[in-house]
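Undergrad: Here it is: the structure, laid out below.
The values are calculated or read from the model by the stated rules, or taken from the named source; none is laboratory data. Just so it is clear, the structure is predicted and the values come from calculations on it, not from any experiment. Virtual Cβ from ideal backbone geometry, glycine too; neighbours counted across all protein chains shown. What goes into the accessible areas is simple: the full protein's heavy atoms, side chains included, and nothing from ligands, DNA or RNA. Shrake-Rupley method; radii C 1.70, N 1.55, O 1.52, S 1.80 Å.
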Amino acid sequence: MIKQAIIPLAGLGTRLLPLTSVFAKELLPINGKPGIEYILDECIEAGIKEIIFIISKKKEMIKRYFYNDQFYKKIIKRKKDQRIIKEYKKILKYKKMIKFVYQDKPLGTGDAVLKTKKYINDKFFLMLLPDDLIIKKNCSKSMIKINTRYKCSVMASMRVNKKSVSRWGIYKLGKKLNKENYFIKNVIEKPSISNAPSNQAVIGRYILPKSIFSKLSKQKPGKGGEIHITDAIQSLIYEDNKFIAHSFSGKYLDCGSMQGYIKSTLEIAKL
Ligand code: UTP
């Protein structure tokens, strides 16, 4: 069973400027709860025991959110407010599971993943992108089950509008395992409409093999000058490592753009 998860949080969040010029988007409330807590709850429910946050100096606000004990202790002593005590206990529970590593420059998701190399113990680990919320069904839990059964990597997949393929990582699918799962032949980062092999897009949940670190350490920057995790995945697939695309049944919410963030808040409020 997979016990470790990593969460890259060191990006600049330019789509949510000007808010992100002073604020970590992952702490923005979605129906009263910071977005990152939905991701943490998904991990905990999926049986994850340790979570590695990749942050930067600019995102230290996230670390402070979990390490504000003196402040809570003082307030609780003074006010004895049950709501605050409950919230503090929840934060302590999260804190116990989280390790922080730093990515000094936002060189890309692949570079962020590489920073966790010395902390990963088992053959496979989970990665969640915090902009991508998946509600109603725990996607990580379903993917861990698939990994346990097929002993290979798994990535979340969703059909997107054909006209929007150039915004996503797009799969070329191979053999069908069953209605929800296909072997992946290839992943292409943000293809043009004419080059896209399908309209099945990569969504931010990945079960990756430890062997990805050796690929990442040799990887050159790709599209937009960034080190993309999808390029390392592609090299592993070329070397015949098995990757499964899992069409999840939960509902996807994009919290990385302002329009998406507002829509996500409304959707979650309806639950
Ligand atoms: P994105 O590139 O999609 O988002 O990274 P971003 O950089 O946060 O925001 P925009 O695109 O400028 O609006 C996907 C995830 O990978 C992390 C981001 O924090 C985000 O969670 N990331 C990205 C890193 O940790 N390091 C990087 O160098 C790049």
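Undergrad: Express the carbon and sulfur contribution to the solvent-accessible surface of the range 1-126 as a percent, rounded to the nearest whole number, probe 1.4 angstrom.
TA: 56 percent
Undergrad: From zero up to wherever the largest Cα-Cα distance of the range 141-182 sits, split into 10 Å bins and tell me the percent of pairs in each.
TA: Result returned by the calculation: 22, 49, 25, 4.
Undergrad: Per-residue accessible area for residue 109 at 1.4 Å probe radius, Å² rounded to 10?
TA: Answer for residue 109: close to 50 Å² accessible.
Undergrad: Let me ask you something else. Lysines within cross-link reach of residue 117: Cα-Cα under 18 Å, excluding same-chain residues under 8 positions apart?
TA: By straight Cα distance, residue 117 reaches 3, 49, 99, 105, 210, 215, 218, 220.
Undergrad: Along the positive direction of the dipole of the chain (beta-carbon charges: Lys, Arg +1; Asp, Glu -1; about the Cα centre), which of 54, 246, 160 reaches farthest?
TA: So the residue furthest toward the plus end is 54.
Undergrad: Indicate the gyration tensor shape class of the range 129-202 (rounded, prolate or oblate), computed on the Cα atoms with a ≥ b ≥ c the square roots of the eigenvalues: a/c under 1.5 is rounded; otherwise a/b larger than b/c is prolate and the rest oblate.
TA: Since a/c reaches 1.5 but b/c is at least a/b, the shape of the range 129-202 is classed as oblate.
Undergrad: Given a cut-off of under 8 Å on Cα pairs at least six residues apart, what relative contact order in percent is computed for the chain?
TA: 24 percent
Undergrad: Give the shape of the range 114-252 as rounded, prolate or oblate, defined through the alpha-carbon gyration tensor: a ≥ b ≥ c are the square roots of its eigenvalues, a/c under 1.5 means rounded, and otherwise the shape is prolate if a/b is larger than b/c and oblate if not.
TA: rounded
Undergrad: Rounded if a/c is under 1.5, else prolate if a/b is larger than b/c, else oblate: which is the range 1-99, with a ≥ b ≥ c the root eigenvalues of its Cα gyration tensor?
TA: The shape class here is oblate.
Undergrad: Toward the positive end of the charge dipole of the range 70-191, about the Cα centre and with charges on Cβ (Lys, Arg +1; Asp, Glu -1), which of 84, 173, 94 goes farthest?
TA: In the range 70-191, that residue is 84.
Undergrad: If r is the Cβ-Cβ distance from residue 179 to residue 77 and R0 is 41 Å, what FRET efficiency results, to the nearest 0.05?
TA: With R0 = 41 Å, the Cβ-Cβ based efficiency is 0.15.
Undergrad: Still on this model: Accessible area per residue for the range 1-143 in Å², computed with a 1.4 Å probe and the full protein assembly in place, what is it?
TA: That works out to 53 Å² for each residue.
Undergrad: Could you state the angle between the C-alpha long axis of helix 69-79 and the longest principal axis of the C-alpha atoms of the chain, as a value from 0 to 90 degrees rounded to the nearest 10?
TA: Long axis of 69-79 versus the principal axis of the chain: about 40 degrees.
Undergrad: Right, something else. I'd like the accessible area for residue 192: 1.4 Å probe, protein heavy atoms, all chains in place, Å² to the nearest 10.
TA: Solvent-accessible area, nearest 10 Å²: 50 Å².
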